[in-house]
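Notes follow the structure.
Just so it is clear, none of the values below were taken in a lab; they were calculated from the coordinates. From a predicted model like this one, the values you see are computed outputs, not experimental measurements. Quick reminder, even Gly has a Cβ in these numbers, built from the backbone with ideal geometry, and neighbours come from all protein chains shown.
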Amino acid sequence: MYHSVRDLIDQATQRGVTIGTVVLENEMAFTEKTAEEVRSELRRRYGIMSESIVRALNEPQHMVLELISGQSKKQNDYTAAGNTLCGELLGRIMSRALSACEVNASMGRICAAPTAGSCGIVPAVVSEVARARAVSEEVLMDALLTACGVGAVITRNATVAGAEGGCQAECGTAAAMAGAAAVIMAGGSAEMVDACVAIVLMNCMGLVCDPVAGLVQLPCSYRNASQAVNAVLSADLALAGQNSVISADEAIAAMYKVGRQLPPELRETAAGGIAVTPTGKKLHKELKKMQ
Amino acid sequence: MNLSIFEVLGPVMIGPSSSHTAGAAKLARVAAMIAAKPFNKVDFALHGSFLKTGQGHGTRLALLAGAMGIAEDDERLKAAEAIAAEKGVEYSFTEAELDDVHENTACITFFHTDGSVSSITGCSIGGGRIRITDVNGMATDISAEQPTLLIEQNDVSGVISTISTALAAEGVNIGVMRVGRSTRGGVASTILELDEPVSDALAAWLQALPNVRRVCVINL
């Protein structure tokens with residue numbers, strides 16, 4: 001039984017098991033399922049996530065207003081040409097996060113992680129870090145379970161809804177989950193998971209939810225790409241042994257408080273931020289005309 | 001942690017919105033299960049955010065798909081209009097005039113092939129979750145998150161006890177039970193949220209009881 005990131009770490013450390021094991025056992029007790037049933041459903045969902053992050057890499061998806069159509073292919077082609085500033089790993093992660101966003105916006109099938117609007121971050125980071133480190137399926141599953149544990153804590157102790165907490169609650173949480181998974185796959189310690197989650201949230205504290213025309217397209221796709229990168233860079237900071245000073249649970253509480261302090265205009269209402277720029281407003285009018 | 005990890009990594013759904021796409025499809029799918037009869041025409045009266053912001057989120061496609069039994073994680077959802085044309089199902093979207101209801105509410109009217117009409121109202125409450133709030137004018141509260149039995153019965157004594165005894169005999173545990181009625185001695189409704197699914201045989205047996213008017217099984 002865990003209620004916080006600290007619980008997860010303490011229980012794993014005291015018992016000499018992984019955080020993923022603590023999460024798995026809680027899931028088995030709570031849902032009365034066997035370990036294999038939980039793993040098998042997790043595998044099925046990861047399969048759907050994996051499909052969503054490759055589908056638009058070579059084939060632009062089409063959606064209302066087409067604000068993000070072709071983003072993934074463009075990034076994928078650019079990365080494949082081998083001349084990126086960020087390097088191959090981050091290029092691959094970004095193009096995959098963009099793919100899931102295109103699939104979602106075009107009414108394709110995705111797995112929310114933790115929300116539909118942030119569905120590219122966890123799968124893009126997990127799949128590419130798993131590939132870069134050539135981790136076993138067992139480690140990948142353990143990393144996903146760790147991500148789920150972090151996501152569950154944030155869902156319970158704060159919020160993952162953009163309408164309640166802004167983009168920091170959606171893409172920020174996804175990045176915290178992805179960062180935790182990356183630390184596990186890179187062989188980091190439980191304490192490093194705590195630091196990584198805290199650093200991820202510090203890096204996006206206050207990020208607002210301001211979708212153009214109210215559509216889950218822009219800036220959502222770029223936020224997926226950038227928060228996926230936030231996850232990986234925060235994992236690297238944690239793996240280098242950086243002290244986050246502030247604990248993950250404290251950062252989660254702070255994120256929640258900031259979310260509630262955000263005015264409604266900056267919480268998924270399309271009434272603030274990027275949504276109300278002159279171009280944003282023009283696009284909103286275009287959408288209204290279509291209705 | 002009293003939260004399943006599949007609430008965090010999920011739902012598996014057709015994008016872009018868990019409330020306006022996935023929830024809309026589920027709402028209409030459950031409504032069609034409650035209506036439980038073939039139909040050749042369906043009207044969706046939309047309220048609030050469903051009416052205003054539905055276009056960009058495919059809410060109308062999702063509702064139509066759900067009414068035809070297409071699940072919220074099925075990519076055929078996007079082709080709902082073509083599928084309706086193929087099946088000869090007519091559909092319309094209208095503006096609902098509803099007071100004091102959730103922002104994402106739809107009142108779904110099924111015109112059945114036998115000439116009867118069913119009207120079911122519900123809302124999409126976020127994260128793909130739904131509530132059915134009204135069935136043919138009778139207030140209700142169905143989430144369909146558990147296997148659910150909706151029974152319409154004559155308001156006479158002993159019916160509920162017969163139902164619960166039959167469920168117990170099959171090893172089906174009742175989690176939540178809600179009973180209501182239109183008037184004393186009139187039509188009553190019982191909603192049972194169960195820990196186990198109901199077999200077809202048990203549903204048929206319940207349907208055959210003298211004071212039971214209708215049995216509807218919702219197993220998603």
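Quick notes on this one:
- Here the Karplus curve 6.51 cos²θ - 1.76 cosθ + 1.60, taken at θ = phi - 60°, turns the phi angles of the stretch B:203-218 into couplings of 4, 5, 5, 5, 4, 7, 5, x, 9, 8, 8, 7, 10, 10, 9, 10 Hz, with x standing for Gly and Pro.
- Helix-only CD estimate at 222 nm, as mean residue ellipticity for chain A, using -39500 (n - 2.57) per DSSP H run (n ≥ 4): -21000 deg cm²/dmol
- By the count of other C-beta atoms within 10 Å, a proxy for reagent exposure, B:119, A:127 are ordered fewest to most as B:119, A:127.
- Square roots of five times the Cα gyration tensor eigenvalues for the stretch B:148-218, Å: 19, 12, 10
- 10 °C / 1.306 mPa s Stokes-Einstein diffusion coefficient of the stretch A:1-116, Kirkwood radius on C-alpha pairs, µm²/s: 96
- Proximal charge balance of residue A:127 [Cβ under 10 Å; K/R count +1, D/E count -1]: +2
- Cα lying deepest toward the dipole's positive end in chain B, options B:192, B:94, B:148, charges on Cβ: B:94
- Among A:2, A:78, the order by Cβ neighbours within 10 angstrom, fewest to most, reads A:78, A:2.
- With neighbour counts taken as other beta-carbon atoms within 10 Å, the residues A:84, A:277 rank, fewest first, as A:277, A:84.
- Nearest-0.05 FRET efficiency for residue A:40 and residue A:80, computed from C-beta distance (R0 35 Å): 0.55
- For chain A, a crude dipole built from +1 on the beta carbon of Lys and Arg and -1 on the beta carbon of Asp and Glu, taken about the Cα centre, is about 960 debye to the nearest 20.
- Cβ charges +1 (Lys, Arg) and -1 (Asp, Glu), total dipole of the protein assembly as shown, debye: 1020
- In sequence order, the stretch A:175-182 has phi-based couplings of 5, 5, 5, 5, x, 4, 5, 5 Hz under the Karplus curve 6.51 cos²θ - 1.76 cosθ + 1.60, θ = phi - 60°, and Gly or Pro positions carry x.
- Inter-label distance, nm, simple model (7 Å from Cα along the C-beta direction), residue B:112/residue A:137: 4.8
- Helical content of chain B, expressed as a calculated mean residue ellipticity at 222 nm, amounts to -7500 deg cm²/dmol (DSSP H runs of 4 or more residues, -39,500 (n - 2.57) each, divided by residue number, nearest 500).
- Shape call, chain B: gyration tensor on alpha carbons, a/c limit 1.5: prolate
- Taking every alpha-carbon pair in chain A and binning the separations at 5 Å intervals from zero gives 1, 6, 13, 17, 19, 17, 13, 8, 4, 2, 0, 0, 0 percent.
- Formal net charge of residues neighbouring residue A:288 (Cβ-Cβ distance under 14 Å; K, R +1; D, E -1): +4
- Alpha-carbon centroids, the stretch B:1-51 and the stretch B:117-170: separation in whole Å: 17
- Computed about the Cα centre, the dipole magnitude for the stretch B:1-142 is approximately 280 debye when only Lys and Arg (+1) and Asp and Glu (-1) carry charge, each at its Cβ.
- Degrees separating the helix A:121-133 axis from the principal Cα axis of chain A, which is the longest one: 60
- Whole-Hz Karplus values for the stretch B:33-42 come out as 5, 6, 4, 6, 9, x, 9, 10, 8, 9 Hz, taken residue by residue from phi with 6.51 cos²θ - 1.76 cosθ + 1.60 and θ = phi - 60°; glycine and proline positions read x.
- Selected from A:169, A:247, A:83, residue furthest toward positive end of dipole (chain A; charges at beta carbon): A:83
- Amide H contacts under 5 Å for residue A:270: none, restricted to partners 5 or more places along the chain or on a different chain, H placed in the peptide plane at 1.01 Å from N.
- The largest-to-smallest principal axis extents of the Cα set in the protein assembly as shown are 73, 57, 40 Å.
- When the alpha carbon gyration tensor of the stretch A:99-206 is reduced to an equivalent ellipsoid, the three semi-axes, largest first, read 21, 18, 11 Å.
- Charge tally in the Cβ shell below 15 Å around residue A:202, where Lys, Arg are +1 and Asp, Glu are -1, residue A:202 excluded: -3
- Förster radius 51 Å - calculated FRET efficiency between residue B:92 and residue A:253 (Cβ-Cβ, nearest 0.05): 0.60
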